[in-house]
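J.: One structure follows; several queries about it will come next.
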Amino acid sequence: MRLSTLNLLSLLIVVALLPAISSLAQEAPAQEPAPAPIAEPADTPPPPPPHPMPPQRVIRPQRPMPPALPEGMQTEIFDLKYVSPDKLSSLIQFFMLGEFMVDEELNLLAVRGNPEAIDKTRQLVQKYDVPRPPERVEVRIYLLTAATDQSLAVNLTSLPNSAMQPPRRPQEMTPTPPETVSLQLRPLPPELQQAAAQISDLYGVQQLGVLSVMVAQTQEDQTFTINGAVPNVPRLDSVAEGAVRLRRGGDNREIASLELSFQQESQQVRSTLEMYEGEYLVVAENSNAASQPVWTVVGVKIVR
């Protein structure tokens, strides 16, 4: 009985003191935590340089694969030898044999279609891609010179042939003036107007005339020879040899390939000329200090 009374008294005392204890706790300032000490930096060696990076591989994007052909479709490329691919493509388009692509530079024709269309295209190639019969051609070589007046008269200097004269003693040798030969020139034909304009632009010649013309008729791939001469002017004696090959250009015009060897006095020209059929090119100029300049103009025409 005594013990329980003491416990009761202790409990009452604690209850009475609780408000005072809580007020003291509120008035006491909260202590802030002490800041952590700042560590002084130690003397450390600098970091080692970075290792060089290995070269990176450049990964190129792969080209996309071409789409697969529809079932039953085929593609074939024809390497044409004699006919223009543009001509055959017009036939393919007319007969509706499939899609096609033309390469004029490589002379190729690519066709895409069903097996029947490819077979018909192959038959067209076998029929039309054949060598044609040789054409008969005419090679003309004109000798042109400057005219002095409207009558187309020209004075050409011809050096004397000293080999035909007997030898003379030194005291008997006197300067011999060169011979002057007056020739009547022929007017320019219409086909030479373009070549004449080129000579006029390059040499300042206002009027030209025809001294001589050399003509040879031959077939393709056959060698021809022409001998030409101007009376009383031996330095203009000429010899021309060559051969002609024809092919059709992209604009359907005939292109002549002329292998020409032309010799006149001590001058010789060897070259391969590419020209359109009916076109004339200036290939040489023959002149010296004591003579009138002479131009050589060459052209090829098909004889039909």
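J.: Out of the GluC sites (Glu not before Pro) in the stretch 104-143, which ones are loop residues according to DSSP with at most 14 other C-beta atoms within 10 Å? Provide the component values of the computation, followed by the final result.
T.: Details: sites: E104, E105, E116, E135, E138; in loops: E104, E105, E135.
Counting only loop positions with at most 14 other Cβ atoms within 10 Å, the GluC sites (Glu not before Pro) in the stretch 104-143 are E104, E105.
J.: Something else: Can you tell me the length gained on complete extension of the stretch T225 to V239, counting 0.36 nm per residue apart and subtracting the Cα distance?
T.: 4.3 nm
J.: Fewest first, what order do I77, I255 take by the number of other Cβ atoms within 10 Å? Present the calculation step by step, with values, prior to reporting the outcome.
T.: Numbers: I77 11, I255 17.
Least to most surrounded, the residues fall as I77, I255.
J.: Under 20 Å Cα-Cα from K81, which lysines qualify once same-chain neighbours fewer than 8 residues away are excluded?
T.: K120, K127
J.: Give me Rg over Rh for the stretch 74-128, both radii from the alpha carbons and Rh done the Kirkwood way, two decimal places.
T.: Ratio value, two decimals: 0.91.
Bear in mind that the values in this text are calculations on the coordinates, not laboratory data. What you see is a predicted model, and the numbers here were worked out from it, not measured in a lab. Glycine also receives a Cβ, built like all others from the backbone with ideal geometry; neighbour counts cover every protein chain displayed.
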